[in-house]
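These notes concern the structure reproduced below.
The values are calculated or read from the model by the stated rules, or taken from the named source; none is laboratory data. All values reported here derive from a predicted model rather than from experimental measurement. Ideal geometry is used to build each Cβ from the backbone, glycine not excepted, and the neighbour counts take in all protein chains shown. With ligands, DNA and RNA removed, areas are computed over all heavy atoms of the protein, side chains included. Shrake-Rupley method; radii C 1.70, N 1.55, O 1.52, S 1.80 Å.
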Amino acid sequence: MERKRFREIGGSIGSYTCGEYNSITDVEGVKVGHKTLQYEHDGTLVRTGVTAVLPHEGNLFREKIAAASYVINGFGKTVGTIQLEELGLLESPILLTNTLSVGDVLKGAVQYMLDETPEIGDTTGTVNVIVGECNDGFLNDIRGLHVKPEDAREAILHAQSGPVEEGCIGAGTGMLCLGYKGGIGTSSREYAFGEEKYTVGALVLTNFGKRKDLKVPILNTGEDKDIPDGSIMIILATDAPLNERQLKRLAKRASFGLSRTGSYAEHGSGDIVLAFSTAHRIPHHPNHDHTIPYSFIKEDGPIISTLFEMTVDSVEEAIWNSLCKAETTTGRNDRKVEAIPLDLLYGLMK
């Protein structure tokens with residue numbers, strides 16, 4: 001059966017409307033790019049890559065945005081979240097890759113930022129780049145360190161709005177999910193509050209769980225083939241005017257969407273959420289005023305809880321999209337991971 005998205009086979013999650021592309025790029029200005037590495041090298045198979053999320057189309061260092069991170073389980077090797085937590089500001093693309101390639105991706109992203117913004121490290125401070133990871137070593141020759149700095153740069157430069165490629169693409173090329181082939185998935189929700197319409201979008205890199213964890217009995221049979229503990233990176237974007245504290249509250253709700261699919265954040269699972277709002281731009285070079293006025297939503301009304309629910313639904317469906325779009329993949333040591341059977345899922349939906 002042709003690989004299709006969750007909704008294309010009759011699936012539906014929640015009651016809110018999806019955005020035009022049912023993607024994180026439904027948040028205006030957000031772009032996603034991939035660089036996929038899939039070939040044979042010295043007798044072993046390379047199954048890896050890089051995925052880049054750009055929060056807006058301007059200069060990210062000069063025009064920062066509010067952001068937050070949340071750690072569901074901390075078995076991960078992310079870069080840049082310490083300063084993100086301290087200042088509540090995002091000033092770079094968000095890059096995703098495999099665990100042992102974080103350093104090379106960081107170098108490539110830093111070089112991109114230096115090229116874009118000559119004053120970094122000269123007339124102003126340095127830049128805080130965000131890189132997240134999952135371990136694709138079950139299928140990929142992760143020790144070969146095949147991801148290079150230029151791959152990160154290419155992923156950034158290839159980023160675009162509109163539909164997002166999912167499944168075995170970019171950082172998701174060698175990932176597993178719930179005993180099946182996983183990878184990149186995305187989804188979105190939108191809702192109008194009077195004259196204001198807000199969108200929440202999620203992009204996930206899925207590499208967690210085993211078949212036994214699936215909440216669908218017809219799909220949770222079969223051996224898990226010594227699949228190791230995995231991870232998930234969850235990126236949330238919204239155009240709702242949220243400050244960094246409110247964004248952390250939003251990020252926490254991603255754990256509910258994750259748990260709905262069967263995850264219980266096992267010991268070796270690095271489950272990390274990054275959330276940002278595009279509603280305001282915070283200038284790196286402000287004028288001479290000592291204050292910068294911004295407005296944020298009230299938390300004693302219905303909006304914040306609605307955004308929470310939209311987040312949970314988006315994360316859950318993004319995970320399912322990563323499963324539905326991924327293809328059966330053969331990797332190193334003759335390992336083969338099957339794609340989730342869409343015919344069985346389609347039958348359940350009917």
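Things to note:
- Considering region 318-339, and only residues there that are in contact with a Lys or Arg (Cβ under 8 Å, 6 or more places away or on another chain) and of a type in the set (Asp, Glu), the residue that is modelled with the lowest pLDDT turns out to be GLU338.
- Filter result (closer than 15 Å to GLU244 by Cα and either open to solvent by 90 Å² or more (accessible area, probe 1.4 Å) or within 22 Å of the chain's Cα centre (by Cα) (or both)) within region 279-292: ALA279, HIS280, ARG281
- Listed by first and then second residue, the pairs with beta-carbon distance under 8 Å, at least 6 apart or on different chains, first residue in region 249-276 and more than 13 Å from ILE232 (Cα to Cα), second β-branched (Val, Ile, Thr) and open to solvent by 10 Å² or more (accessible area, probe 1.4 Å), are ARG253/VAL312; PHE256/VAL312; ARG260/VAL312.
- Only one entry in PHE276, PHE256 is crowded, with 17+ Cβ neighbours inside 10 Å and among the aromatic types (Phe, Trp, Tyr), namely PHE276.
- Selected residue (only one of GLU299, GLU309, GLU316 is closer than 19 Å to THR206 by Cα and open to solvent by 20 Å² or more (accessible area, probe 1.4 Å)): GLU316
- All positions within region 119-138 that are free of Cβ contacts under 8 Å to residues at least 24 places away in the same chain and either assigned to a helix (DSSP H, G or I) or not charged (D, E, K, R) (or both): GLY121, THR123, GLY125, THR126
- Yes/no for SER263 being over 24 Å from GLU190 (Cβ atoms) and either open to solvent by less than 80 Å² (accessible area, probe 1.4 Å) or in a loop (DSSP other than H, G, I, E, B) (or both): yes
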